[in-house]
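A.B. asks: The structure that follows is given in the form of structure tokens.
Each reported figure results from applying straightforward, stated rules to the coordinates on display, with no laboratory input. The shown structure was predicted, so the numbers you read here are calculated from the model rather than taken from an experiment. Cβ coordinates were reconstructed from backbone atoms using ideal geometry, including for glycine residues, and neighbour counts include every protein chain displayed.
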Ligand SMILES: Cc1cc2nc3c(=O)[nH]c(=O)nc-3n(C[C@H](O)[C@H](O)[C@H](O)COP(=O)(O)OP(=O)(O)OC[C@H]3O[C@@H](n4cnc5c(N)ncnc54)[C@H](O)[C@@H]3O)c2cc1C
């Protein structure tokens, strides 16, 4: 190789290096821009301060907001990824006091929202992705990039019912398939229903339904229940409850326009054989998941992940942090109880600040 060509090679390899670095920097810029959520692009991040920061826009969150606003706490409520909460995915609500005729779940929470705004709540359509409860005031960061600082924090992030996740379940939700016997059992008076599950919830749901429905069949994938013995004894004493062991729901069956459940297709977990059971309603009772992932390691949670609150109170293990509604209630899980504890949380937050 001549000195000239060696010089040329050096120049070319220098150019290649510069080009590679240039490409790398461009790629880095493009990927970081792509991974910035759309709402953050070109957005100036804002920090909001309030005496009462409320997370969640179900009955607990709105009730807390109404009480906090009327106590001049100028609450900020972050509505989350499901504005209105669980009631937005149901139809008829017949057990929320104050309405002589059945009302629609989405309409009920819409009224709660209007009432909360009317008395002075600032509602933020955001979703909290991180919290720092190590000191007061408490800092929550939203998915938007905005920061919410609360002198007190009222957690009302609810719990989600676990579903089977099969396509026919989606089709018949609210048209015969439900995850709440206390809420929907009344619509199946004198009819035949199935309950899926084998834990305390399933047995309790079946016992509740046995007082309304003509016949209740529990479908369980094993050959014994996990439920407490006392509950099982009550269950086996009921003449209108029967059990199909070693079986799982394969498909929900029914008619279209409007969808109406007529039965369920079962699969034996032992033989894989299929069978059909005629029912008017099916209740999925395989548990709930509280929305508490954010608070793990900061707040005391029970074994199932629910926030632990003091008896007759919404106080948590951290002073100034309160929890209301389904996020701390694995027993009742009703709109009216959620609203009740939301009210308690706001009153306790107000007293805490003094
Ligand atoms: C199908 C169905 C039918 C029902 N029917 C009835 C009925 O007829 N009567 C009755 O009394 N009850 C009924 N219930 C139960 C009732 O809906 C609940 O008990 C009630 O909604 C609980 O209220 P909540 O405020 O605690 O939580 P939810 O209603 O679960 O609301 C939780 C809120 O938290 C928000 N959130 C979650 N994570 C975050 C986060 N990281 N950042 C910000 N926000 C967050 C969500 O967006 C949501 O707005 C039914 C439930 C279901 C699923």
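A.B. asks: Along the Cα-to-Cβ line of residue 271, 7 Å from the Cα, sits a label point; which residues in the range 193-221 have backbone N less than 20 Å from it?
C.D. replies: 218-221
A.B. asks: Go through 300-308, 150-158, 286-294, 193-201 and give me the packing order, highest mean Cβ count within 10 Å leading.
C.D. replies: So the peptides 300-308, 150-158, 286-294, 193-201, ranked by packing, come out 150-158, 193-201, 286-294, 300-308.
A.B. asks: Okay, next question. What share of Cα pairs, in percent, lie more than 28 angstrom apart in the chain?
C.D. replies: 54
A.B. asks: Please work out the FRET efficiency for the pair residue 223 and residue 162, using the Cβ-Cβ distance as r and a Förster radius of 25 Å; give the result to the nearest 0.05.
C.D. replies: Efficiency for this residue pair is about 0.70.
A.B. asks: List the pair-distance distribution P(r) of the range 37-96, using every Cα-Cα distance, as the percent of pairs falling in each 5 Å bin from 0 up to the bin containing the longest distance, rounded to whole percents.
C.D. replies: 4, 16, 18, 18, 17, 14, 8, 3, 2, 0
A.B. asks: For the chain, modelled as a GNM with alpha-carbon contacts under 10 angstrom, which of 323, 71, 206 fluctuates the most?
C.D. replies: 71
A.B. asks: Follow-up. Counting only the backbone N, which residues of the range 83-98 are under 15 Å from the spot 7 Å out from the Cα of residue 111 toward its beta-carbon?
C.D. replies: Flagged as within label range: 87-88, 91-98.
A.B. asks: Please arrange 247, 160 by how many other C-beta atoms lie within 10 Å of their C-beta, fewest to most.
C.D. replies: 160, 247
A.B. asks: Continuing with this model, one more query. Once both axes come from the Cα atoms, what is the angle between helix 335-353 and the longest principal axis of the chain, in degrees from 0 to 90, rounded to 10?
C.D. replies: Result, in degrees: 50.
A.B. asks: Moving on to the next point. Taking Cα pairs under 8 Å and at least six residues apart, what relative contact order does the chain come out at, in percent?
C.D. replies: 18
A.B. asks: Students often get this wrong: which residues of the range 300-317 have the backbone nitrogen under 19 Å from the point 7 angstrom along Cα-to-C-beta of residue 351?
C.D. replies: Hits in the range 300-317 for residue 351 at 19 Å: 308-317.
A.B. asks: Taking the 0 to 90 degree range and rounding to the nearest ten, how far is the long axis of helix 200-210 tilted relative to the main principal axis of the chain, both from C-alpha atoms?
C.D. replies: Around 40 degrees separate the two axes.
A.B. asks: Among 127, 62, which comes first, second and so on when ranked by fewest other beta-carbon atoms within 10 Å?
C.D. replies: Ascending number of Cβ neighbours within 10 Å: 127, 62.
A.B. asks: Another question, if that's okay. What does the helix-only formula give at 222 nm for the chain: each DSSP H stretch with n ≥ 4 adding -39500 (n - 2.57), the total divided by the residues, and the result rounded to the nearest 500 deg cm²/dmol?
C.D. replies: Taken over the chain, the calculation gives -9500 deg cm²/dmol.
A.B. asks: I've got another one for you. Whole angstrom only: what separates the Cα centroid of the range 74-129 from the Cα centroid of the range 162-241?
C.D. replies: That distance is 28 Å.
A.B. asks: Additional query: Quick one: order 234, 222 by neighbouring beta-carbon count within 10 Å, fewest to most.
C.D. replies: 222, 234
A.B. asks: Starting from a Cα-only point model with no solvent, please compute log10 I(q)/I(0) by Debye for the range 167-284 at q = 0.18 1/Å.
C.D. replies: Those come out to -0.86, one per q.
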